[in-house]
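Have a look at the structure below before the remarks.
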């Protein structure tokens, strides 16, 4: 086993875990492109990021479980389960570069609209999304992108910003969904043969960095002012869109 490669993998995972621990999402979009630069199979990277995401989500889901919305969580999770098989088909039949292009453009457009669009439109959209049935398509896309590329967080974060949850509800609902959806995604990875001895080695060596990321993420999150949290989320969504475009070019 190449220990220099293990350290590089652990570093990539640490950066993704730090993003997830601080803002509640974005770990896969950070870690996956970095891991793609290393000489490891895509399936190995996907399985590893899935395991790390589950670990981080487990920690925050336990601490933030009281801040969840049970009705929305059930609908998001149910739709996610339906979307998972479609994600496996997406990996088999769709080119990852084109998926990254479409996803990146959508994220950038949504972030810019949310930051600079008319406030009256935002209020109308927020009012419409009080109907919990709108959770279903976001849950479906979450399952599809999650099983394919470990990007199950992005659709849920967009849904959360439209609902305009406060920071505690944001992290509580998002992480509670992640722990449920990640469980199904891990099973899909296992059944697809993504779990290997290398994945186990990389995961074990990544654990110290993941624990450090959880600690640092909590510290950083505690210093963010509530009124600035949502604005930062939109800028991060825009940044994730830009990162997704890199996979196309």
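The values are calculated or read from the model by the stated rules, or taken from the named source; none is laboratory data. It should be emphasised that the depicted structure is a prediction, and the values quoted were computed from it without experimental measurement. Glycine also receives a Cβ, built like all others from the backbone with ideal geometry; neighbour counts cover every protein chain displayed.
Quick look at the values:
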read-out	value
Residues of the range 123-144 classified as without any contact (Cβ under 8 Å) to a residue 40 or more places away in the chain and surrounded by 12 or more Cβ atoms within 10 Å (Cβ to Cβ), total	4
Residue 245 vs. criteria modelled with pLDDT of 80 or more and either closer than 20 Å to residue 26 by Cα or assigned to a helix (DSSP H, G or I) (or both)	no
Only one of 147, 114 that is over 16 Å from the mean Cα position of the chain (by Cα), in contact (Cβ under 8 Å) with a residue 24 or more places away in the chain and crowded, with 17+ Cβ neighbours inside 10 Å	114
Residue 87 vs. criteria within 13 Å of residue 178 (Cβ to Cβ), at pLDDT below 85 and assigned to a helix (DSSP H, G or I)	no
Residue selected from the range 1-15 under the condition over 14 Å from residue 207 (Cβ atoms) and outside any loop (DSSP other than H, G, I, E, B), by the criterion modelled with the lowest pLDDT	3
Residue identified as touching a residue at least 24 places away in the same chain (Cβ under 8 Å), closer than 20 Å to residue 236 by Cβ, part of a helix (DSSP H, G or I) and under 14 Å from the mean Cα position of the chain (by Cα) among 46, 57	57
Of residues in the range 184-215 being buried (at least 19 other Cβ atoms within 10 Å of the Cβ) and not in a helix (DSSP H, G or I), the one modelled with the lowest pLDDT	194
Tally, over the range 135-183, of residues that are outside any helix (DSSP H, G or I) and in contact with a helix residue (DSSP H, G or I) (Cβ under 6 Å, 6 or more places away or on another chain)	4
